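Report on the following structure.
The values are calculated or read from the model by the stated rules, or taken from the named source; none is laboratory data. Every value quoted in this text rests on a predicted model; they were computed, and no experiment measured them. Here the Cβ is made from the backbone with ideal geometry for all residues, glycine too, and neighbour counts use every protein chain on show. Heavy atoms of the whole protein, side chains included, go into the accessibility calculation; ligands, DNA and RNA do not. Shrake-Rupley method; radii C 1.70, N 1.55, O 1.52, S 1.80 Å.
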Amino acid sequence: MKNDLTVFEELESEVRSYCRSFPTIFTKAKGYKMWDVDDKEYLDFFSGAGALNYGHNDPNMKEKLIDYITHDGITHSLDMASDAKADFLNKLNDVILKPRDLDYKVMFPGPTGTNTVESALKLARKVTKRTEVVSFTNGFHGMTIGALSVTGNSFKRKGAGIPLHNAITMPYDNYIDENLDTLDYFERYLEDGGSGVEIPAAVILETVQGEGGLNTARFEWLKKLDAICKRFDIFLIIDDVQAGVGRTGTFFSFEPAGIKPDVVCLSKSIGGYGLPFAITLIKPEHDIWGPGEHNGTFRGNNMAFVTATEALRYWEDPSFEEGIKERGEKITAFLDGLIEKYPEMKGYRKGRGIMQGISSGVEGFSEKVAELAFQQGLIMETAGSDDEVFKLFPPINIDMEALEQGFEKIEAAVEAVAK
Ligand code: PMP
């Protein structure tokens, strides 16, 4: 095949996006590497926007999947009981939930991140019998009307074509000024019942905003938000679709804050292999939907159960988590060094773990860095409402050597743009 993008320009809708940022035809991928039709090799610092935390075509998951298909394992069965589903539920409970003392039931909301968010918003309203949901500036939660109504990005919201209701957007942590605690305002607002303030059904947020520019909530701030939610009987929904599954250094991004949200939304890398898969973790006392009250044809993909179960085995070894933290520290040191060396970029570091980047104060800088990096064989996206952040997002198990090769490519791009 020729590396010719005409077919996409002619036949695919204008809404296509990543193929514009990374204009080549990809054919193959393994671990942290991708290849295009010209056999050019790329380092993947994008990881399928978080769907490939374990890299491409993980050999253990691949073997299990091939074996499952070879033996005519059931591929599609709606939410019928299957051996693959039983294995996944047991593994999730034994390796992730029980050791963290988390008492959740697992709900299968449909195959995407948006589906898990939508189910969380619905359930919170059903349980509390209230309507409003509080979300945060620059938060991203998905593209259906419910999920979009809590997404803090005006460009994406305009995609709905109509004003979106039933959500109140609050400034995220550190948004205005680090001395001005947005939660003090929030609590005061909730206390003001006499003036007609309605207590919301839920608060939804990411602990690190993946699409919104790597804005990061402090653990103390999360603790305080959790306490406010408890005080007013508001559902706390943590959208860990992007920041979860090890991205920030722990399996769940909220673990270091010591909180136990009412609902946890997981998708992207929970399936391990890049197959569409999502789960919603809910507290047993909130498990009030009757059979079929929330359903969907693709609730529980058996092939994703197989790969997800295998992916969770990595978490049985404590050195896996330590390795993620080590890589995160290397990224922090690299970015801090870069900021010091290139003051022209007017940059500051954002994010946590293997979800960090630099926000540049110079218009268009980060986009140019990502563009040049791509030309040099590194796939990296930008984030933030003005694409002001270039975002290092390699697989969480990337080789240290490859991580350093990526650093070299990024530094070369920064140097070229800073000139
Ligand atoms: N929540 C977060 C935090 C996300 O990053 C995304 C996707 N970028 C979604 C929800 C929506 O997931 P999906 O694209 O699978 O619907």
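Key figures
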{"item": "Kirkwood estimate for the range 252-364, i.e. one over the average of 1/r between Cα atoms, Å", "result": "17.6"}
{"item": "Cα pair distances of the range 351-419 binned at 5 Å [whole percent]", "result": "4, 18, 29, 27, 16, 5, 1"}
{"item": "Heavy-atom SASA rank of Thr24, Thr216 (probe 1.4 Å, accessible area, largest first)", "result": "Thr216, Thr24"}
{"item": "The range 1-157 shape via C-alpha gyration tensor axes, a/c threshold 1.5", "result": "oblate"}
{"item": "Computed label-point distance, nm, for sites Lys156 and Ser21 using a 7 Å Cα→Cβ extension", "result": "1.2"}
{"item": "Lys30-Lys223 FRET efficiency (beta carbon distance; Förster radius 35 Å; 0.05 resolution)", "result": "0.30"}
{"item": "Loop-resident sites, the range 193-250, for GluC sites (Glu not before Pro), counting at most 12 other Cβ within 10 Å (DSSP)", "result": "Glu198"}
{"item": "Radius, Kirkwood style, for the range 1-82 when every pair of distinct Cα atoms is counted (Å)", "result": "15.5"}
{"item": "Neighbour cut-off at most 16 other Cβ (10 Å), DSSP loop, GluC sites (Glu not before Pro), the range 326-403", "result": "Glu363"}
{"item": "Fraction of accessible area attributable to carbon and sulfur, the range 11-81 (%, probe 1.4 Å)", "result": "57"}
{"item": "Probe 1.4 Å, protein heavy atoms only - accessible area per residue of the chain in square angstrom", "result": "45"}
{"item": "Euclidean distance between Cα centres, the range 288-321 to the range 380-401, Å", "result": "26"}
{"item": "Cα centroid of the range 199-218 to Cα centroid of the range 42-66, whole Å", "result": "26"}
{"item": "Electrostatic dipole magnitude of the range 222-337 [Cβ: Lys, Arg +1; Asp, Glu -1; Cα centre; debye, to 20]", "result": "220"}
{"item": "Size of charge dipole - the range 61-196 - debye, nearest 20, with Cβ of Lys, Arg +1 and Asp, Glu -1, no other charges", "result": "600"}
{"item": "Student exercise, the chain dipole from Lys, Arg, Asp, Glu Cβ charges, in Debye to nearest 20", "result": "740"}
{"item": "Whole-percent carbon and sulfur share, accessible surface of the range 167-322, 1.4 Å", "result": "49"}
{"item": "Most mobile listed residue (Lys350, Lys64, Lys33) in the chain, GNM with C-alpha springs under 10 Å", "result": "Lys64"}
{"item": "Cα pair distances of the range 192-287 binned at 10 Å [whole percent]", "result": "15, 45, 29, 9, 2, 0"}
{"item": "For the chain, Kirkwood radius (reciprocal of mean inverse C-alpha pair distance, Å)", "result": "22.2"}
{"item": "Centre separation in Å (Cα based) which lies between the range 324-358 and the range 240-258", "result": "19"}
{"item": "Helix-only CD estimate at 222 nm, as mean residue ellipticity for the chain, using -39500 (n - 2.57) per DSSP H run (n ≥ 4)", "result": "-10500 deg cm²/dmol"}
